[in-house]
Amino acid sequence: MRPIVHIGYHKTATTWFQRSVYPHAASHRWIPRVRAQAALLAPSGLHFDAALARALLSEGDDGRPLLICEENLSGYIHNGGLHGFLPAAAAERIRQVLPDARIVIFVRSQASMAAACYRQYVRGGGTHGVHRYLFPSLYLHGAYAQPFKVPRFSFDHFDYDRLVALHDGLFGRENVHVYPFEALADQQAMLARMETDLGLILDRGRLRFDRPNESWNDALLPAARVLNHFTARTVEDKDRVAAIPGFYVARSGLLTALSRILPRRKRPSLLGAGLESWIEARFAASNARLRALRPGLLPDGLYPSGGHADMPPPAVASERPPGRALVAVKWLLGAAALLLMAAGAVWLARLALG
C-alpha cells in the first residue's frame, strides 16, 4: 500500500476523479485539493519546508496511505507551467515529502488538448482568438513576449515525454503510471486497470460516472468572448472594457445553462485542419520519445510520430482585427455599463445622505 499522487494533466478528467472517484477510495485516504495545494504548491520557491508539508498532509491520518489528485502539480495550462519551472519544482517537492509515492499522469492527444485549453481559456474570461491564444509570442512585444517574464500558453508544456522522464528519474519507472485520456471512453475498464496498477480499492457503489466540468458548446464561444470584455477574471491574457462586479459569475451561469440547452451539432474543427496538422508535426518527436519510454501506451492515430517540428505556425484568417461593428458594439456596451454603474453610485449617495 503506497501513497498515490495524480498530477494531471489539466483537461484529462481530473475534476471527475476529484469529485466522483477518489473521495470514495476504500484503500487510501483522500486529501482534499485545498490541503494538497497548501502543502505542495502554496509555499513560494525558496520557502518550501518538506517537514511542514508532511505534517499538513498527515492531519486526520487513519493508517491508510494518502491519495492526492492535483493537476497543478504538472503546471497550469494558461502559463505553460510558469515557463516549465513549476512541474520540475513540484516533482522534487513530492519526492521530498512522499518518496515512495506512485505517480499518476494522464496525457491527451495534443491537438485535442490545445482545443480543450482554448475552450477553458474562453470559459475563464478570455477574449482572444484561438491563434492569438496558442501563439502569443507572435502578438506580444517587449517584456510581455518573454515567457520567463510573463508566462503564457506554451506548447512546450505538452511535451509529455519530458515530464514522464523527470518522474521516472525521481521515483523509478515502475512507480510512474501513464495513461491516455482517450482510454477513459470506457471509464469502468480504466478504473479497473488503475486499481490493479496502483493497489487502489474503490467503493464502486458510490462512484458517479458524470461529467462535472463539461466544456461549453463551441457555438457559444464567440458570444462568450464578447461578454468577457466586462470582467477581469480569471485569465490574465485578455482585453477588457470594464470590470463589472459579479458579472463573471452571472455570465458563467447563463452560458452554462445555454450550453446544456443548445444541441451539440457537428461543427468544423475549432483549430482547423492546418493548425491541427502543425500541432501533430510539432509533437512528433516528443510522442516518439514517449513511445520509447512506454511502448504500447499511445493510440497510433491520435499521437502521430512523423512530421517536421520546425514548420512555421500557420496563419489563421479568423485572427483578423475585429470588424468595426463588433468594436462599436463592445464600446457601446461598455459605455452603457459605466453609465449604469455611475447611476447606481449616485443613487447610493443620495440614499446615504437621506
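The values are calculated or read from the model by the stated rules, or taken from the named source; none is laboratory data. From a predicted model like this one, the values you see are computed outputs, not experimental measurements. Using ideal geometry, Cβ is built from the backbone for each residue, glycine included, and neighbour counts are taken over all protein chains shown. Quick note on the areas: whole protein, heavy atoms, side chains included, nothing else; ligands and nucleic acids left out. Shrake-Rupley method; radii C 1.70, N 1.55, O 1.52, S 1.80 Å.
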Principal axis dimensions, the chain - Cα atoms, whole angstrom, descending: 64, 59, 44
Report, to the nearest whole %, how much of the accessible area of the chain belongs to carbon and sulfur atoms, 1.4 Å probe, protein only. 59 percent
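Once the piece of chain linking ILE201 and LEU353 is laid out straight, how much longer is it, given 0.36 nm per residue of separation minus the C-alpha distance between them? Walk me through the numbers on the way to the answer.
Values: separation 152, 0.36 × 152 = 54.72 nm, distance 6.44 nm.
This chain segment gains 48.3 nm when fully extended.
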Quick one: 3J(HN,Hα) in Hz for the range 147-155, Karplus 6.51/-1.76/1.60 with θ = phi - 60°, rounded, Gly and Pro as x. x, 7, 9, 10, x, 10, 3, 9, 5
Show me, for the range 93-110, the HN-Hα J-couplings you get by feeding each phi into the Karplus relation (A = 6.51, B = -1.76, C = 1.60, θ = phi - 60°), rounded to Hz, glycine and proline as x. 5, 4, 4, 5, 8, 9, x, 9, 5, 8, 9, 10, 10, 9, 10, 9, 2, 5
Going by accessible area, probe 1.4 Å, with all protein chains left in place, what is the ranking of PHE155, PHE85, PHE181, largest first? PHE85, PHE181, PHE155
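How do THR256, THR196 rank by accessible surface area computed with a 1.4 Å probe, from largest to smallest? Walk me through the numbers on the way to the answer.
Numbers: THR256 30, THR196 110 Å².
So the residues, ranked largest to smallest area, are THR196, THR256.
Taking a ≥ b ≥ c as the square roots of the eigenvalues of the Cα gyration tensor of the range 89-200, is the shape rounded (a/c under 1.5), prolate (a/b larger than b/c) or oblate?
Values: a/c = 2.98, a/b = 1.58, b/c = 1.88.
Cα axes put the range 89-200 in the oblate bin.
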Can you list residues from other chains, or at least 5 along the same chain, whose modelled amide H is less than 5 Å from the amide H of HIS6? ILE68, CYS69, GLU70, VAL104
Rounded to whole Hz and in sequence order, give me ³J(HN,Hα) for the range 202-213 from the Karplus expression 6.51 cos²θ - 1.76 cosθ + 1.60, θ = phi - 60°, writing x for Gly and Pro. 10, 7, 4, x, 9, 5, 10, 9, 10, 10, x, 10
Taking the Cα centre of the chain as origin and charging only Cβ (+1 Lys, Arg; -1 Asp, Glu), how large is the dipole, in debye to the nearest 20? 1140 debye
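Hey, what's the chain come to in accessible area per residue, 1.4 Å probe, Å²? All intermediate terms of the calculation are to be shown ahead of the outcome.
Details: 17580 Å² over 354 residues.
The answer is 50 Å² per residue.
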Can you compute the modelled spin-label distance between ARG173 and SER44, with each label point 7 Å from Cα toward Cβ, in nm? 4.0 nm
With every protein chain left in place, what is the accessible area of TRP30 in Å² (1.4 Å probe, nearest 10)? 50 Å²
How much length is gained on full extension from LEU52 to ARG233, taking 0.36 nm per residue of separation minus their Cα-Cα distance? 62.0 nm
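Considering only DSSP beta bridges whose two residues both sit in the chain, what percent are antiparallel, to the nearest 5? It would help to have the intermediate numbers written out before the result.
Working: 1 of 14 bridges.
Close to 5 percent.
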Across all directions of projection, what mean area in square nanometres is found for the Cα convex hull of the range 172-230? 7.2 nm²
Label-to-label distance, nm, for residues given as HIS24 and ALA292 (7 Å Cα→Cβ offset): 4.2 nm
